[in-house]
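All remarks here apply to the structure that follows.
The values are calculated or read from the model by the stated rules, or taken from the named source; none is laboratory data. Note that the coordinates shown come from a computational prediction; the quantities given were computed from them, not determined experimentally. Glycine also receives a Cβ, built like all others from the backbone with ideal geometry; neighbour counts cover every protein chain displayed. Accessible surface is based on the protein model in full, side chains and every heavy atom, while ligands, DNA and RNA are left aside. Shrake-Rupley method; radii C 1.70, N 1.55, O 1.52, S 1.80 Å.
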Amino acid sequence: MIVLYLADNPQQEAMIDRGFWGNWAIPAILFLVAAFAILLLVLMLRGGSLQKTEIPAPYV
Amino acid sequence: MLNLIADGMQAYNQVGLLIGALICLAIGCFFFGYSLYQRAHAFRAMGTIIGVICNDGMFRPVYRYASPDGQAHVAKSQINSSWVRGKETGRVVPLIISAGNPAEAQEANSYLLDIVGLVFFACGIWLGYIALTSYPITLMTWIMALALIIFLAERGYRTFIPKAQRPSFAEWRQKLKTRQTTPIDLADVKPIEQILAGPDWRQTQLRKLKIAAPVFALFAVILVCVGIYQSMKLARLESTGLRADGEVVRLQRESSDDGGSVYYVVVRFRTEKNVSIEFKDKVGGNPPSHRRETK
């Protein structure tokens with residue numbers, strides 16, 4: 001396996017090099033879950049405000 | 001002896017994963033197959049939402065539609081949810097009506113069942129892949145599979161209703177038919193607008209929102225902060241870091257939050273100054289993602 005490390009601090013700053021997709025998978029998953037949480041939050045707030053202020057008019 | 005216990009635990013994990021995979025695949029096939037069957041065999045018509053049946057905060061739309069012979073029918077949706085949008089009274093929707101039961105329908109443009117089925121199917125494939133690629137299939141696997149099947153069969157037998165109390169197939173079908181042909185009580189059907197305008201509903205929703213919104217916001221902020229920190233660290237490593245050959249020297253077992261075990265690989269490598277460094281990888285797993293190896 002390939003190890004990726006910082007020359008000035010190899011003990012603390014080293015990781016297994018899993019390639020581009022493998023290395024960036026964790027930050028990407030974190031951002032995706034955060035985006036999902038934000039989406040749910042927005043939907044909740046929109047739903048809450050919709051119910052507070054207006055009731056959808058029935059279709060004719 | 002220790003090897004036997006370790007092999008047994010490994011086989012137990014493997015068989016457990018395989019059983020989980022089979023259950024997920026079965027659920028996925030059921031949902032997806034049912035949806036496909038409905039789409040192939042049910043008849044289609046345009047319907048109008050006349051209201052919803054509200055039960056514990058869940059809304060089940062009720063439709064009025066005309067069958068091909070011109071007769072008017074009322075059908076309730078097979079799916080209920082707390083989702084408000086799309087359930088407006090008077091809204092015209094394309095329907096798929098169950099061939100065996102004209103009182104049940106689902107919206108033709110709803111793919112919820114298909115998605116749920118596909119998610120379960122994908123989980124089943126993933127679990128099966130892990131079970132078959134992360135562990136070797138040994139004699140212990142077969143012994144453990146047999147033992148688990150006997151255990152599950154015994155448990156299943158215990159939960160069965162005794163034969164004397166068990167309804168016959170004809171009784172069961174009759175019961176199902178009665179349930180299916182029970183007409184919808186229109187007194188339970190109310191316009192969603194009326195329910196949403198009620199003070200109880202509004203207060204409940206606002207109370208839920210006051211609790212849930214800050215939790216979601218905090219969760220999202222924490223995730224974004226951790227994501228940014230990880231990204232910066234990784235970007236620095238990728239831009240200024242060096243690469244070297246490494247080898248797995250051992251697996252470090254740690255207890256996980258759910259009481260199980262997580263394995264982390266400990267890797268050894270030599271820096272450009274020929275200094276030997278060992279570090280524990282930050283990504284753990286069970287089964288372990290690597291085995292001990294030689295360079």
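For this structure, a couple of remarks:
- Between 0 and 90 degrees, the angle of helix B:169-181 with respect to the longest Cα principal axis of chain B falls at about 70 degrees.
- Portion, in percent, of the accessible area of the range B:1-87 that falls on carbon or sulfur, probe 1.4 Å: 64 percent
- Ranked by how many other beta carbons lie within 10 Å on average, peptides B:14-20, B:165-171, B:96-102 from highest: B:14-20, B:96-102, B:165-171
- Computed from Cα atoms, the angle from the helix B:139-159 axis to the main principal axis of chain B rounds to 30 degrees.
- Cα gyration tensor shape for the protein assembly as shown, rounded if a/c is under 1.5, else prolate or oblate: oblate
- Solvent exposure of chain B amounts to 65 Å² per residue of accessible area, where only protein heavy atoms count and the probe is 1.4 Å.
- Working from Cα pairs under 8 Å separated by at least six residues, relative contact order for the range B:33-94 is 36 percent.
- Using a 1.4 Å probe over protein heavy atoms, the accessible area lost on pairing A with B, summed over both chains, comes to approximately 4500 Å².
- Percent of C-alpha pairs per 5 Å bin, the range B:90-246, short to long: 1, 5, 5, 6, 7, 10, 13, 11, 12, 11, 7, 5, 3, 2, 1, 0
- Put simply, the amide H of A:Arg18, placed in the peptide plane, has neighbours under 5 Å in A:Asn23, leaving out anything fewer than 5 places away on its chain.
- Relative contact order of the range B:35-136, pairs being alpha-carbon contacts under 8 Å that are 6 or more residues apart, as %: 26 percent
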